[in-house]
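All remarks here apply to the structure that follows.
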Amino acid sequence: MKNNIKILLLLLLTLNYSCSDSLQEVNVDPNTFPSAGDAQVLSSAIGFLGYVVDTDLNYSESFLWSQYYTWGQGVSIGNSERYVAQPDDFNGYWARAYANCLADLNAITKNSSAPAYSGIAKVLKAYLFQGLVDHFGDIPFSEALAGAIEDGSILAPSFDAAGSAVYPGLVTLLDEALSDLERAEDGVVGEEDFIYQGDISKWIKFANSLKLRVLMRTSETDPQAAAIKELIANGTFIETVADMPYIPYTGASGDQNPMFARAEYGVGMFYFASNATLDVLESLDDPRGEVLYTKATTGSFAGQLHGIDQGTIKNEPFTAPPTDYSMASEYAYSETNPVILMSPWEVWFLRAEAAARYDTSDDEEMAFETAIALNFKYMGIEDEASSYINSLNYSSSDALVDRIDQIAVQKWISLNGTQEDEGWIEARRFDRPESRLFTNGIWQTPPLSVLPNGTFPSAWLYPESERSLNPNAPAQRTITDNIFWDN
């Protein structure tokens with residue numbers, strides 16, 4: 001009996017103590033952190049980033065508009081293949097980029113006392129903001145993440161000018177990131193950094209490489225020769241696959257490559273190889289075609305690469321099986337594929353172009369050849385790189401327009417299968433008044449296109465959600481509008 005009384009008293013004391021606590025202290029979900037630390041917020045941001053890059057960007061309109069693939073058998077031909085776009089097509093990308101990734105990263109840059117976390121977050125913020133600009137043009141930037149009371153409660157942010165405000169702001173943001181990273185110590189950030197596991201030297205390389213991309217993007221409209229030459233002379237860059245920023249996936253349930261998971265959750269990968277790409281590969285006798293695409297296993301083209309002209313699936317036999325055509329290979333489409341944020345071949349092509357345009361301290365021909373060789377090596381066909389590179393006869397003594405064209409084609413090919421969205425962006429930039437390389441040459445006009453022959457999409461529409469909720473949103477654009485660096 002005495003023991004029972006003691007237990008009862010103990011329970012009453014506990015209850016009395018608990019009642020004196022505030023409701024806020026008591027009503028805490030045991031499965032949720034009351035406040036997340038730098039590590040948890042960073043891992044959340046990177047997790048969302050993988051989805052944004054490989055589904056909202058790589059596996060979206062850009063997947064088709066880069067003309068690496070075209071619509072295949074099994075479903076009705078979609079609007080994106082006809083160059084029809086609706087504002088709500090882009091709600092998901094806009095929301096996930098701002099409300100998930102950038103919001104998490106901004107929490108780190110606002111609150112973290114660790115330069116390592118702050119520097120990493122600023123690099124990724126610059127990466128995300130550049131993606132938004134390169135698709136939409138003017139975007140919320142300076143007021144974009146100021147919704148908190150202490151930041152001004154700005155719930156309807158203004159749109160900043162892409163060329164005069166956002167792009168210079170990206171350079172400033174990356175300079176701040178580099179300053180933080182130079183002060184950071186290894187070992188502060190660990191496994192929560194799914195990209196580099198806290199290796200600060202690699203984050204510095206990523207920051208410099210991304211800064212080079214930003215500066216080079218305006219080469220046709222606002223050359224940044226002095227800044228580029230200084231950066232090349234003094235910076236360290238992504239130079240090998242060991243330096244490459246990517247988000248890995250094991251392929252296990254819940255940890256699959258986002259593009260693969262999204263496609264397989266629906267009707268699967270039904271796109272066929274576009275002849276716009278296959279024709280270029282064949283004309284160059286480029287062995288990468290057989291790495292990027294499967295060979296047909298049935299029909300009259302069995303054992304060969306067999307695509308179709310862009311947007312012509314309705315002209316193919318209705319009963320023809322997908323095995324009659326070339327589709328995405330495991331290199332391009334697999335449950336274990338990493339999401340590559342920036343590849344070493346992309347960076348070496350940037351350096352080759354910078355050397356060609358601005359006479360930087362790099363060896364132009366070496367940079368061009370290294371870019372291709374690294375892409376071949378990553379594909380597992382390293383032994384074929386040398387003879388292929390020699391067949392291109394790239395020479396720094398050729399006319400600049402011809403060298404830029406060669407860089408453009410080789411870069412577009414190398415981004416296939418890993419960075420499809422960046423392939424579309426760079427094709428738009430390289431398609432310039434001096435050489436309409438893609439729109440008057442490589443790309444094919446889909447027969448059902450709603451645009452005139454030889455006219456192709458060059459921007460994304462502002463999301464319906466933003467224009468409905470933000471009174472400061474600009475008038476809607478068309479998909480043939482040019483982003484400020486595109487002419």
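The values are calculated or read from the model by the stated rules, or taken from the named source; none is laboratory data. Just so it is clear, the model here is predicted, and its values are computed rather than measured. Virtual Cβ from ideal backbone geometry, glycine too; neighbours counted across all protein chains shown. Heads up: the accessible areas ignore ligands, DNA and RNA and are worked out on the full protein's heavy atoms, side chains in. Shrake-Rupley method; radii C 1.70, N 1.55, O 1.52, S 1.80 Å.
A few notes on this one:
- When E192, E230 are screened for being open to solvent by 20 Å² or more (accessible area, probe 1.4 Å) and in contact (Cβ under 8 Å) with a residue 60 or more places away in the chain, only E192 passes.
- Filtered residues of segment 61-110 (kept if of a type in the set (A, V, I, L, M, F, W, C), out of contact with any Asp or Glu (no Cβ under 9 Å at 6 or more places or on another chain) and buried (at least 21 other Cβ atoms within 10 Å of the Cβ)): W65, C101, L102, L105
- Residue list for segment 466-480, restricted to those being open to solvent by 30 Å² or more (accessible area, probe 1.4 Å) and more than 21 Å from D421 (Cβ to Cβ): R467, S468, L469, P471, N472, P474, A475, Q476
- Answer from F430, F438, F376 - the residue that is among the aromatic types (F, W, Y), over 29 Å from R82 (Cβ atoms) and in contact with a helix residue (DSSP H, G or I) (Cβ under 8 Å, 6 or more places away or on another chain): F376
- Residues of segment 253-299 that are of a type in the set (S, T, N, Q) and part of a loop (DSSP other than H, G, I, E, B): S253, Q256, N257, T294, T297, T298.
- Unmet criterion (only one of (1) open to solvent by less than 40 Å² (accessible area, probe 1.4 Å); (2) free of Cβ contacts under 8 Å to residues at least 40 places away in the same chain; (3) not in a helix (DSSP H, G or I)) for E426: (3)
- Scope segment 290-302; condition free of Cβ contacts under 8 Å to residues at least 40 places away in the same chain and either within 15 Å of A273 (Cα to Cα) or in contact with a helix residue (DSSP H, G or I) (Cβ under 7 Å, 6 or more places away or on another chain) (or both); matching residues: E290, Y293, T294, K295, A296, T297, T298, G299, F301, A302
- S179 on the phi > 0 side of the Ramachandran plot and touching a Gly at 6+ places or on another chain (Cβ under 9 Å): no
- Condition met for W443 (open to solvent by less than 10 Å² (accessible area, probe 1.4 Å) and in contact with an Asp or Glu (Cβ under 9 Å, 6 or more places away or on another chain)): no
- Matching residues in segment 147-189 - criterion: being out of contact with any helix residue (DSSP H, G or I) (no Cβ under 8 Å at 6 or more places or on another chain) and surrounded by 19 or more Cβ atoms within 10 Å (Cβ to Cβ): P157, F159
- Checking each residue in segment 389-413 for being more than 26 Å from the chain's Cα centre (by Cα), in contact (Cβ under 8 Å) with a residue 40 or more places away in the chain and within 25 Å of M342 (Cα to Cα) picks out only L392.
- Note on segment 297-323: residues that are buried (at least 20 other Cβ atoms within 10 Å of the Cβ) and more than 23 Å from Y59 (Cβ to Cβ) amount to 0.
- Looking only at residues in segment 326-359 that are in contact with a Leu (Cβ under 9 Å, 6 or more places away or on another chain) and assigned to a loop (DSSP other than H, G, I, E, B), the one that is farthest from I425 (Cα to Cα) is S326.
- Residue within segment 396-407 that is within 23 Å of E365 (Cβ to Cβ), open to solvent by 60 Å² or more (accessible area, probe 1.4 Å) and either in contact with a His (Cβ under 6 Å, 6 or more places away or on another chain) or hydrophobic (A, V, I, L, M, F, W, C) (or both) present: yes
- Within segment 233-245, restricting attention to residues that are open to solvent by less than 80 Å² (accessible area, probe 1.4 Å), not β-branched (V, I, T) and not in a loop (DSSP other than H, G, I, E, B), the residue that is farthest from D486 (Cα to Cα) is A242.
- For segment 307-329, filtering for residues that are closer than 15 Å to Y69 by Cα and without any contact (Cβ under 8 Å) to a residue 12 or more places away in the chain leaves 0.
- Test: V339 is β-branched (V, I, T) and under 19 Å from the mean Cα position of the chain (by Cα): yes
- Segment 69-108, subset among the aromatic types (F, W, Y) and part of a loop (DSSP other than H, G, I, E, B), residue modelled with the lowest pLDDT: W71
- Among (1) open to solvent by less than 10 Å² (accessible area, probe 1.4 Å); (2) within 29 Å of T294 (Cα to Cα); (3) assigned to a loop (DSSP other than H, G, I, E, B), the one test that I483 misses: (2)
- Residues located in segment 414-460, provided they are of a type in the set (A, V, I, L, M) and over 16 Å from the mean Cα position of the chain (by Cα): L437, I442, L448, V450, L451
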